Amino acid sequence: MSGDAVTRWNARARLALAAHSVGGATADTVLDEVAQHCADSGESPHDAFGSPEEFAATVVTERVPPEERLRRMGDGPTFGQALRTAAAPVGLAALAAGACIWIADGPVFPVTPAGLAGTSLIAMALAGGGLVATARNRRRRALGWGAVAAATVAAATALTALPGQPLGHLPAPLLCVLGLALLWAAIRTTPTAEPEGAIMDSGTAPLSTGEREPWLDRLPRLLEERHAIPRARAAELAEEAAGHLEATGSTPEDEFGPVELYALRLAEQEAPRAPWWKRGAVQESLFAVLLTAYLVVTLVSGGPSWQIALAGGALAVNLALLATRLPRGRRGVPPGR
């Protein structure tokens, strides 16, 4: 690995660490340890620690305290925040479509039954994709992507099968204004307030008072809802914990610690992986193929420019979402010195 390649790896690793909210001091420490390890072993950083993204994910797991990881994790966005975030791809598509129509066909464009129904369904699919991307429950996420795919197929059907006679006309700048408004609503989304009990600092008291039932009742819910462990496996892990407590006669906090931290440790040990056909990257790849096929058909058949713009915008957003799901491995980081 050449010197330039090592420099690029270090720069990308530093960016990946920053994206995971790893502090500058920790980043400097681990990168110095990487350099020392590579100097001692003769390996390149990529061979020893994988891609920068893989390295950053492993650093977070092995170097960031679990209390801090819980603080960052929280309970996810509220429904209102997720809805505003889902407006971003719709706003981007509306802005792109309005600009393309304005440039290609002038400031006014006809509204047809096919276009009205098709674009409404495309907007639903884009917003649904944004909502599904924030879901942690794998079953709900899989069902959501199925609904998004169905909406996409329905949009394509509406655009090709419904009448194309104009019902009226609308100004193209109105689409641009609508897109900007949706993007502004998405940008001003505020982070979720830290829920009570989601953060466990070393100086805080345990959540429960030593009773087993509240602790054991909460464990499977945390595993399923926060860490996306399948329900059956979450119940199995909770039963194992209950059996251990029965055998030892200990309280949950004495034996396992706070329930949030124990759930986090179990989730990291499980490292759950959905079947390949349920993985977000696979489903988004299929969606990208469908969008690409529709875009090619529309271009070849000489379809309206607004359909081309909407399909292109949807494809761009989908590829951006897909890029965030690049696989990450589990390689080690150098031991602390």
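The values are calculated or read from the model by the stated rules, or taken from the named source; none is laboratory data. What you see is a predicted model, and the numbers here were worked out from it, not measured in a lab. No Cβ is skipped: glycine too gets one built from the backbone with ideal geometry, and neighbour counts run over all protein chains shown.
Could you list, in sequence order, the residues of segment 102-121 that are at pLDDT below 85 and of a type in the set (A, V, I, L, M, F, W, C)?
A104
Being in the same structural domain as A99 (by TED's automatic domain parsing) and modelled with pLDDT of 80 or more, is that true of even one residue in segment 317-327?
Checking segment 317-327: not a single residue is in the same structural domain as A99 (by TED's automatic domain parsing) and modelled with pLDDT of 80 or more.
When segment 287-309 is examined, which residues are found to be among the β-branched types (V, I, T) and outside any helix (DSSP H, G or I)?
Passing the criteria: none in range.
Might you let me know whether segment 62-83 holds any residue that is modelled with pLDDT of 75 or more and either buried (at least 18 other Cβ atoms within 10 Å of the Cβ) or of a type outside the set (D, E, K, R) (or both)?
No, segment 62-83 contains no residue that is modelled with pLDDT of 75 or more and either buried (at least 18 other Cβ atoms within 10 Å of the Cβ) or of a type outside the set (D, E, K, R) (or both).
Just to be sure before I move on: is E33 free of Cβ contacts under 8 Å to residues at least 12 places away in the same chain and either charged (D, E, K, R) or not in a helix (DSSP H, G or I) (or both) in the structure I sent?
Considered against the rule, which asks whether it is free of Cβ contacts under 8 Å to residues at least 12 places away in the same chain and either charged (D, E, K, R) or not in a helix (DSSP H, G or I) (or both), E33 comes out as no.
Any chance you could count how many residues in segment 49-66 are outside any loop (DSSP other than H, G, I, E, B) and touching a residue at least 60 places away in the same chain (Cβ under 8 Å)?
11
Could you check W277 against (1) surrounded by 13 or more Cβ atoms within 10 Å (Cβ to Cβ); (2) assigned to a helix (DSSP H, G or I); (3) modelled with pLDDT under 70 and say which number it fails?
Answer for W277: the failing condition is (1).
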